[in-house]
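The values are calculated or read from the model by the stated rules, or taken from the named source; none is laboratory data. Keep in mind the model is a prediction, meaning the values are calculated, not measured. Because the Cβ atoms are built from the backbone with ideal geometry, glycine has one as well, and the counts that use them run over all protein chains shown.
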Amino acid sequence: MALWKHLVQAASAITLAAAFTSVASAQETVNIGYTGPLSGGAALYGKNTLVGLEMAAKEINEAGGFEVGGKKYKFNIVALDDKYSPSEAAVNAKRLKSQNNTPMVFTPHSGGAFAIQAFNEQDNFILGAYTSVPNMTERGNKLTLRIPPSFAGYVQPFINVEMKAFGKKLAMAGGDHDYAKAWAQLFGPAWKQAGGEIVAENPMSYNKDTDFYSGVSRVLAANPDVLFVGGASEPTALVAKQARELGFKGGFVVMDQAKLDEMAAVVGGMDMLEGSVGVLPLIYDKRPGTEAFIAKFKKLYDRNPGTEASYHYSTLNAVSEAMKLAGTVSDPKAIHAKLSEAYGKLPPERNPARITSVDDRGGTNANIVVGMVKNGKVETIEAASLGQ
């Protein structure tokens, strides 16, 4: 009888200890939210952004987590599908905060980010917005992190490259969607301020059309030296191809939504993109930290990473450092205040996006490099060398 009583007490103690261990384990896990397109036409883009967070979390967790206030913590990425819908992104963000107590929620589209900005300060979580739209951080939201640098940083380097190589006559043939309009509103005046001339303007429906013959013919009739193009990679490539088939010999300014390597895959190589300037594809970035990231990514996923993955990988690493510096995993304001310092402390292998700091409005700064297609290959150009 005494032995039975002892066994029952021991079992109870083990059960109680397991319960406490389970609670302690839950307390040592930090949930990080993600809402993005994981189904539908933009699913590949959404998965390319999510994988950067998952890769960083996996590395941090397998290294034993990170220590804050004497406790070890690990990350758990909680991802929800919003099908690229701003309203769905807002609903998901609310759910991630209320059900998973996430101090930060990432979203890879400006529509979703703007929708979430309506309440993230009130609900007390950091919005990790993957968009380069400048006014994302000009609205006074104190808990927003704009992950990529503003696309404004590309404007002057692009102008310097193309104007020097091809001439001063520009035709505007970008998309007619909001993001392309924002680019055009900034790029056109800057081109003229640099001494150039805009000889034609004809925005096109990159998201709907597949035949760009009439639109491209219209702008080429003005005999431009340079074409401004841009939307998603596939239609942008088709616009460039149509221009070449119509005899255009000049250069292309490719806004950052399109990627030179993805465009080349559509048109069968870089030859048709000769003279194009755009964001440097990650696979051509030979800086040590970035090369190490590409190698690790290819080993894990058997494919090349995109820019989206590198920016999210860098940012979750910075979030872990910011939590250490702030001494908290649960106070978004304190964590946000330490993000700039955190990025600056990351070694190159944990910061392949090369983000250097965060400005006082929540926008990142980075060492921008651009890519130009020369002789069928992508050449890397430091933006600073162009007098940005």
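With the structure loaded, tell me whether Thr49 is touching a Pro at 6+ places or on another chain (Cβ under 7 Å), among the β-branched types (Val, Ile, Thr), outside any loop (DSSP other than H, G, I, E, B) and surrounded by 20 or more Cβ atoms within 10 Å (Cβ to Cβ) or whether it fails that test. Show your work before the answer.
Details: touching a Pro at 6+ places or on another chain (Cβ under 7 Å): yes; among the β-branched types (Val, Ile, Thr): yes; outside any loop (DSSP other than H, G, I, E, B): yes; surrounded by 20 or more Cβ atoms within 10 Å (Cβ to Cβ): yes.
Yes; evaluated as a whole, the condition is true for this residue.
If you go through region 40-56 one residue at a time, do you hit one that is at pLDDT 95 or above, among the polar types (S, T, N, Q) and in the same structural domain as Lys97 (by TED's automatic domain parsing)?
From region 40-56, those at pLDDT 95 or above are 50-56; that's our starting set.
Subsequent filtering for residues that are among the polar types (S, T, N, Q) retains none.
Checked against the condition, which is being at pLDDT 95 or above, among the polar types (S, T, N, Q) and in the same structural domain as Lys97 (by TED's automatic domain parsing), region 40-56 yields no hits at all.
If Lys299 satisfies all but one of (1) more than 19 Å from Gly153 (Cβ to Cβ); (2) surrounded by 14 or more Cβ atoms within 10 Å (Cβ to Cβ), what's the number of the condition it fails?
(2)
State which residue is farthest from Ala182 (Cα to Cα) when the search covers only region 117-138 and only residues that are surrounded by 24 or more Cβ atoms within 10 Å (Cβ to Cβ) and either in contact with a Cys (Cβ under 6 Å, 6 or more places away or on another chain) or free of Cβ contacts under 8 Å to residues at least 40 places away in the same chain (or both).
Step by step, filter region 117-138, then rank; the result is Asn120.
Considering only region 282-291, how many residues are buried (at least 19 other Cβ atoms within 10 Å of the Cβ) and touching a Gly at 6+ places or on another chain (Cβ under 7 Å)?
Residues that pass the stated criteria total 1.
Against the conditions (1) buried (at least 20 other Cβ atoms within 10 Å of the Cβ); (2) at pLDDT below 95; (3) of a type in the set (A, V, I, L, M), where does Val216 fall short? Just the number, please.
Result: Val216 passes all but (2).
Considering only region 238-257, how many residues are farther than 15 Å from Tyr154 by Cβ and under 21 Å from the mean Cα position of the chain (by Cα)?
0
If a residue has to be among the hydrophobic types (A, V, I, L, M, F, W, C), within 29 Å of Glu28 (Cα to Cα) and in a helix (DSSP H, G or I) to count, how many in region 330-384 make the cut? Even if it seems obvious, please write down each step before you answer.
Taking region 330-384 first, the residues among the hydrophobic types (A, V, I, L, M, F, W, C) are 334-335, 337, 339, 342, 346, 353, 355, 358, 366, 368-370, 372-373, 378, 381, 383-384.
Retained after the next criterion (residues that are within 29 Å of Glu28 (Cα to Cα)): 334-335, 337, 339, 342, 346, 353, 355, 358.
Next, only the ones that are in a helix (DSSP H, G or I) stay: 334-335, 337, 339, 342.
Total satisfying the criteria: 5.
Does region 367-383 contain any residue that is among the hydroxyl-bearing types (Ser, Thr, Tyr), within 21 Å of Val277 (Cα to Cα) and either in contact with a helix residue (DSSP H, G or I) (Cβ under 7 Å, 6 or more places away or on another chain) or surrounded by fewer than 24 Cβ atoms within 10 Å (Cβ to Cβ) (or both)?
From region 367-383, those among the hydroxyl-bearing types (Ser, Thr, Tyr) are 380; that's our starting set.
From what is left, the residues that are within 21 Å of Val277 (Cα to Cα) are 380.
Filter once more, keeping what is either in contact with a helix residue (DSSP H, G or I) (Cβ under 7 Å, 6 or more places away or on another chain) or surrounded by fewer than 24 Cβ atoms within 10 Å (Cβ to Cβ) (or both): 380.
So far as region 367-383 goes, yes, one or more of its residues are among the hydroxyl-bearing types (Ser, Thr, Tyr), within 21 Å of Val277 (Cα to Cα) and either in contact with a helix residue (DSSP H, G or I) (Cβ under 7 Å, 6 or more places away or on another chain) or surrounded by fewer than 24 Cβ atoms within 10 Å (Cβ to Cβ) (or both).
Is it the case that region 146-156 has a residue that's within 25 Å of Ser330 (Cβ to Cβ), of a type outside the set (Asp, Glu) and either outside any loop (DSSP other than H, G, I, E, B) or not assigned by TED's automatic domain parsing to the domain that holds Gly250 (or both)? Please lay out each step first, then the result.
So the first thing to find is which residues in region 146-156 are within 25 Å of Ser330 (Cβ to Cβ), and the list is 146-147.
Within this subset, residues satisfying the condition of being of a type outside the set (Asp, Glu) are 146-147.
If we keep only those that are either outside any loop (DSSP other than H, G, I, E, B) or not assigned by TED's automatic domain parsing to the domain that holds Gly250 (or both) too, we end up with 146-147.
The answer is yes; a qualifying residue exists.
Take region 186-213 and flag every residue that is small (Gly, Ala, Ser) and surrounded by 13 or more Cβ atoms within 10 Å (Cβ to Cβ). I'd like the intermediate steps shown before the answer.
Going residue by residue through region 186-213, those that are small (Gly, Ala, Ser) are 188, 190, 194-196, 200, 205.
Answer for region 186-213, where residues must be small (Gly, Ala, Ser) and surrounded by 13 or more Cβ atoms within 10 Å (Cβ to Cβ): Gly188, Ala190, Ala194, Gly196, Ala200, Ser205.
Please go through region 313-369 and give me each residue that is touching a residue at least 24 places away in the same chain (Cβ under 8 Å) and among the acidic types (Asp, Glu), ordered by number.
Glu321, Asp331, Glu349, Asp359
Which residue out of Val277, Val266 is over 18 Å from Ala180 (Cα atoms) and either crowded, with 23+ Cβ neighbours inside 10 Å or in contact with a helix residue (DSSP H, G or I) (Cβ under 8 Å, 6 or more places away or on another chain) (or both)?
Working: Val277 fails: over 18 Å from Ala180 (Cα atoms).
So the residue among Val277, Val266 that is over 18 Å from Ala180 (Cα atoms) and either crowded, with 23+ Cβ neighbours inside 10 Å or in contact with a helix residue (DSSP H, G or I) (Cβ under 8 Å, 6 or more places away or on another chain) (or both) is Val266.
So which residues in region 83-95 are at pLDDT below 95 and on the phi < 0 side of the Ramachandran plot, if there are any at all? Talk me through it step by step, then tell me what you get.
Within region 83-95, the first condition is being at pLDDT below 95, and the residues that meet it are 83-86.
Hits for region 83-95 are Ser85, Pro86.
Just to check your reading of the model, which residue among Gly128, Gly112, Gly64 is in a loop (DSSP other than H, G, I, E, B) and touching a strand residue (DSSP E or B) at 6+ places or on another chain (Cβ under 7 Å)?
Details: Gly128 fails: in a loop (DSSP other than H, G, I, E, B); Gly112 fails: in a loop (DSSP other than H, G, I, E, B).
Every option except Gly64 fails the conditions.
Give me the residue from region 154-176 that is surrounded by 19 or more Cβ atoms within 10 Å (Cβ to Cβ) and out of contact with any strand residue (DSSP E or B) (no Cβ under 7 Å at 6 or more places or on another chain) and, out of that set, farthest from Asn124 (Cα to Cα).
Met163
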